[in-house]
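> Got a structure for you, written out below as structure tokens; questions coming shortly.
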Amino acid sequence: MTPLPNLKLPNLIRGRKLLTAAVMAIALTACSSGPKVRSDQAAGINFTQYKTFSFVTDLATDRAGYTTLVTQHFKDAISAELTARGYRYVESDPQLLVNFNSNVANRSDTRSIPTTSYHYGYYHYRRGIVYAGFPVYSNDVSTVHYKVGTVNIDLVDAKERQLIWEGIAEGTLKQKDLEQPREAAARTVALIFEKFPQSGS
């Protein structure tokens with residue numbers, strides 16, 4: 001946030017400016033209408049022809065040689081969604097292969113906050129008395145940093161090696177999401193699968 005100008009403001013006005021800036025920062029990072037979700041699918045695909053699924057071997061959320069907790073959270077959530085839709089998990093020879101990725105990026109927004117200040121200058125004789133003259137309206141510019149998460153889920157025809165459906169969610173991460181990644185993964189995956197084709201599509 002840009003430093004406040006070095007003005008001799010009444011304490012009440014200075015306090016209001018600081019409070020306004022703080023509230024705007026908290027509102028931007030903590031309040032969100034939810035992630036933006038979109039999907040796409042290959043033309044002419046009948047999803048009822050697929051009965052089984054498994055996951056690709058090398059997932060982007062894994063580390064060399066082991067499966068991460070993030071990977072397991074997403075596997076559990078995706079498996080639950082597909083199972084609820086009648087698909088069955090198998091270890092080998094699946095009809096569908098599931099691939100996914102998640103990413104967290106740091107972003108920033110610049111916000112202009114209307115403020116009120118009192119410039120004395122020639123009217124310095126008004127300082128410290130019960131009135132402060134007419135206010136001068138301006139804008140304080142603040143930069144707020146926040147995290148944005150993106151999740152991609154791909155379904156691939158295992159035989160044809162063809163992508164048949166993808167779902168994508170992107171949104172601002174709340175502090176609760178960072179502290180409870182399993183629950184955040186489940187919520188995000190459920191929102192993505194709301195875009196999944198209905199039986200017979």
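Each reported figure results from applying straightforward, stated rules to the coordinates on display, with no laboratory input. Being a predicted model, the structure only gives us computed values, none of them experimental. Here the Cβ positions follow ideal geometry from the backbone for every residue, glycine too, while neighbour counts run over all protein chains shown.
> Report the calculated FRET efficiency for residue 52 and residue 176 (r = Cβ-Cβ distance, R0 = 25 Å), to the nearest 0.05.
Details: r = 35 Å, r/R0 = 1.40.
Taking R0 as 25 Å, the efficiency between residue 52 and residue 176 is 0.10.
> Say each of residue 148 and residue 68 gets a label point 7 Å from the Cα, pointing the same way as Cα to Cβ; how far apart are those two points in nm?
Inter-label distance under the simple model: 2.0 nm.
> Work out the FRET efficiency for residue 163 and residue 106 from their Cβ-Cβ distance, taking R0 = 30 Å, and round it to the nearest 0.05.
Details: r = 29 Å, r/R0 = 0.97.
The pair residue 163/residue 106 has a calculated efficiency of 0.55.
> Estimate the FRET efficiency between residue 95 and residue 187 by the formula 1/(1 + (r/R0)^6), using the beta-carbon distance for r and 30 Å for R0, to the nearest 0.05.
Values: r = 27 Å, r/R0 = 0.92.
E between residue 95 and residue 187, to the nearest 0.05, is 0.65.
> Cβ neighbours within 10 Å, averaged per peptide: list 62-68, 162-168 in order, most packed at the top.
On the way: 62-68: 9.3, 162-168: 17.7.
By packing density, highest mean first, the sequence is 162-168, 62-68.
> Per-residue counts of other Cβ atoms within 10 Å, averaged by peptide: what ranking do you get for 91-97, 151-157, highest first?
Details: 91-97: 13.9, 151-157: 20.3.
Highest-to-lowest ranking by the protection proxy: 151-157, 91-97.
> Now, a different point. Students often check this: by mean Cβ neighbours within 10 Å, which of 178-188, 39-49 ranks highest, and how do the rest follow? Walk me through the intermediate numbers first.
Details: 178-188: 16.4, 39-49: 12.1.
Packing order, densest peptide first, comes out as 178-188, 39-49.
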